[in-house]
Structure formats: structure tokens, C-alpha cells
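To start, the structure itself, in C-alpha cells.
The values are calculated or read from the model by the stated rules, or taken from the named source; none is laboratory data. Here the structure is a predicted model, which means the values were calculated and not measured. Note that we place each Cβ from the backbone using ideal geometry, even for glycine, and neighbour counts take in every protein chain shown.
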Amino acid sequence: MELNLVNIDNIEFSHSRMHNNILLLKSCRKGEEVAALAQKILLAKFHLIKEVIGAGSEILIKTRSPNKVLEVLQKYKWPKIPVTRWCLPIRIVDNFDLDKLVNFSKLSITEISDALNGLELRVHSFGFIPGFIYLSGLPEILQIPRKLNPGNINIENAFALGGPYAGVYSFKSPGGWNVVGQLPFALFDFENQLPSPISINDIFAIDLISKTEFKSIRANELNFKSYNATN
């Protein structure tokens, strides 16, 4: 498999082809930079590119013209995506995996709440199922490993912890992360298929809320954008 180096948005990648229509870019960098570039490529809507998937240090691009795409990506004037700070209201839920976090961290529920409240997490990437967000910046004391035997996440908008990341499950789904909280609304407008206002590197500041506040937000039909417009 032929291997060459290219520079795209000041990130050096090796590139190779998988079959005739898959271009694989691989960088020695990991984290938000590569994920942010994958999002930029997606948002640029190049007509030669059919699909973009970014994960870790790699970007996979589906295209019928790999050589032309490489040329375009290297010459393109990449914009800077502004970083937005969002407020993320979360209600602690104690009927899922909170007890596992207590045992792992040796912290009380009150101490766990104190560690989470006001914590700023960064959007690392969009994940393995639709509507999932990886968030980096979790304190080591809360970095509980993912479950050896995944189960079912049976609430929507679940806030969960897995290793060095926090994450949000927008839908009920199978999952191996430890659910410790729930958001009162979805982070994406799936029904109307509106573009997400969330970008890689955005900051989520956790705001722990009570059960009463949780119900009030839902009763007032606030969504992610309208809640943040008033906070």
C-alpha cells in the first residue's frame, strides 16, 4: 500500500487508499485537532467527497477521485471554527451507575456532585452512534472504566462516563458507559434535521440541576439553544 505525506490545515498526514474509493488520512496527532479538521471537511461540502468519518488520529474519506481530493484539501483556505461555550444542565440520577462511580472513586455522592458542577469539558468528537458526543477534560478521579459487559442505556439524553471521556447518549441504545446523569433535552434537533450548533473544541460547562428544575425546563419546552440563550 503506497504511503505518502501531505499537509492539510497545518496537520501532516500520511495517506493511503483502501479499495478504489476510500482515502485514509492518518496523523501522528490525536484528539480535537484531527476531529475538528474532519468536521471542517464535512462542512465544506466538496462535491467530490461523498462521506467523511473522523476517529482518533484518522480521517476516512469516501470519494471517486482520491488524488483530486488530496490536491483540493491541501490548497483549500481552511477557516477557523469559533469556540462556543455552552451551559450543560444535568440532573444526577442514582438508579443507574452512580453507585459504581462511588465505589470506584471512593467519593460520596455529594463530593462527586461537587466535582462535576461547574466542570468544563471540551467537545472531542462525535461518536460511534448517531447523537453521541465524546467530551474530554474529565478529572482522573472520575475516569471510571467502561463496563466489561455492556448493557442497555434505557433513558434518552443520558450523561455517562467511560475512561477518560464523558459522553451523551441522545437515544436509548446498547452501551458500556456508566450513566450518572440526564439532560432535560436533546443536544440535536433530529426531528427537523437542523444543523447542529455544536462544533469540535466547543466547551460544555456542567450545571447540576435539581429534579424540580429538570421538570421545569421540560415543562417550559426549552431546548438546547433556547436554554443557552437565557443562561
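Restricted to the range 67-83, and to residues there that are within 17 Å of Ala38 (Cβ to Cβ) and of a type outside the set (Val, Ile, Thr), the residue that is surrounded by the fewest Cβ atoms within 10 Å (Cβ to Cβ) is Lys80. For beta carbons closer than 9 Å, sequence separation of 6+ or different chains, a first residue in the range 89-104 that is of a type in the set (Lys, Arg) and a second that is part of a strand (DSSP E or B) and surrounded by 16 or more Cβ atoms within 10 Å (Cβ to Cβ), the qualifying pairs are Arg91/Phe159; Arg91/Gly181; Arg91/Gln182; Arg91/Leu208; Lys100/Asn178; Lys100/Val180. Taking the range 120-131 as the range and being over 12 Å from Glu32 (Cα atoms) and modelled with pLDDT under 90 as the test, the residues that pass are Gly127, Phe128, Ile129, Pro130, Gly131. Per the listing Asp189, Asp207, Asp202, the residue uniquely surrounded by 14 or more Cβ atoms within 10 Å (Cβ to Cβ), touching a strand residue (DSSP E or B) at 6+ places or on another chain (Cβ under 9 Å) and closer than 22 Å to Ile53 by Cα is Asp202. Restricted to the range 130-147, and to residues there that are touching a Gly at 6+ places or on another chain (Cβ under 8 Å) and either without any contact (Cβ under 8 Å) to a residue 12 or more places away in the chain or part of a loop (DSSP other than H, G, I, E, B) (or both), the residue that is surrounded by the most Cβ atoms within 10 Å (Cβ to Cβ) is Ile144.
Conditions tested, residue by residue: (1) hydroxyl-bearing (Ser, Thr, Tyr); (2) in the same structural domain as Phe185 (by TED's automatic domain parsing); (3) buried (at least 16 other Cβ atoms within 10 Å of the Cβ); (4) touching a His at 6+ places or on another chain (Cβ under 8 Å).
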| residue | (1), (2), (3), (4) |
| --- | --- |
| Arg29 | no, no, no, no |
| Gln39 | no, no, yes, no |
| Glu51 | no, no, no, no |
| Pro89 | no, yes, yes, no |
| Lys100 | no, yes, yes, no |
| Phe104 | no, yes, yes, no |
| Thr110 | yes, yes, no, no |
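Might you check whether a residue that is under 16 Å from Glu32 (Cα atoms) and of a type outside the set (Asp, Glu) occurs anywhere in the range 102-119? Checked against the condition, which is being under 16 Å from Glu32 (Cα atoms) and of a type outside the set (Asp, Glu), the range 102-119 yields no hits at all.
Report, by residue number, each residue of the range 159-186 that is free of Cβ contacts under 8 Å to residues at least 60 places away in the same chain, among the aliphatic types (A, V, I, L, M) and assigned to a strand (DSSP E or B). Hits for the range 159-186 are Ala166, Val168. Determine if the range 128-146 includes at least one residue that is acidic (Asp, Glu) and under 18 Å from the mean Cα position of the chain (by Cα). Looking through the range 128-146, none of the residues is acidic (Asp, Glu) and under 18 Å from the mean Cα position of the chain (by Cα).
Could you list, in sequence order, the residues of the range 21-45 that are free of Cβ contacts under 8 Å to residues at least 12 places away in the same chain and not in a helix (DSSP H, G or I)? Answer for the range 21-45, where residues must be free of Cβ contacts under 8 Å to residues at least 12 places away in the same chain and not in a helix (DSSP H, G or I): just Lys45. Residues that are outside any strand (DSSP E or B) and either modelled with pLDDT of 90 or more or under 30 Å from Ile209 (Cα atoms) (or both) occur at least once in the range 47-57.
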